[in-house]
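Report on the structure given below.
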Amino acid sequence: MAMSGARQVAVGMGFVERTPPEAVLAEGVPAVLESVPPHRRKAAIELAHWGYGAAAGAMFAFLPRGLRRSRLTGPVYGVLSWGVFELFVAPGLGLAHARRSRPQERWALLLDHVLFGLVVGTPPEATVAGPGDPEDHEDLGGEGDRGDDGKHRGRRRGSHRS
């Protein structure tokens, strides 16, 4: 979704003539979409594009953990996904933009794929929760034992609750 937003900015600023889903719609509907009614094709193509991005994002999880932890892996992965589109998908669909020189547009599309990679990539400090001893964390007042006087005394060692 972040990439789609960046792409709309690039189109609005004139860096990209039309998005890849718009190009597919304008230049010829792939055979797989011929059965989709014309008034629903734009949505189907956009969903296919999001599905492609979701699949690419999900495949990132299959990279080795050590590789995924690098800050550069996400952006490099985004650039590689852009390269797959430029070298294989666009020519395979017969899109005109695959055959003409358009450096400004290619840079804009490259940069939104870097953004995709930044979003998909997991920097080391992005771990929100993980295994650990609950005693290592301060009790913030929600749980713990109260003494006879009703005052909160925090969690006692060995008094873990499930």
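Points to keep in mind about this one:
- Hits in the stretch 34-69 (condition: among the hydroxyl-bearing types (Ser, Thr, Tyr) and either open to solvent by less than 60 Å² (accessible area, probe 1.4 Å) or in a loop (DSSP other than H, G, I, E, B) (or both)): 35
- When 66, 12 are screened for being free of Cβ contacts under 8 Å to residues at least 60 places away in the same chain and within 23 Å of residue 121 (Cβ to Cβ), only 66 passes.
- Meets criteria (within 18 Å of residue 112 (Cα to Cα) and in contact (Cβ under 8 Å) with a residue 24 or more places away in the chain) for residue 7: yes
- Taking the conditions (1) at pLDDT below 85; (2) not in a loop (DSSP other than H, G, I, E, B) in turn, residue 29 satisfies each one other than (2).
The values are calculated or read from the model by the stated rules, or taken from the named source; none is laboratory data. Not measured: the values here are computed from a predicted model. Here the Cβ is made from the backbone with ideal geometry for all residues, glycine too, and neighbour counts use every protein chain on show. Note: areas computed on protein heavy atoms with side chains; ligands, DNA, RNA excluded. Shrake-Rupley method; radii C 1.70, N 1.55, O 1.52, S 1.80 Å.
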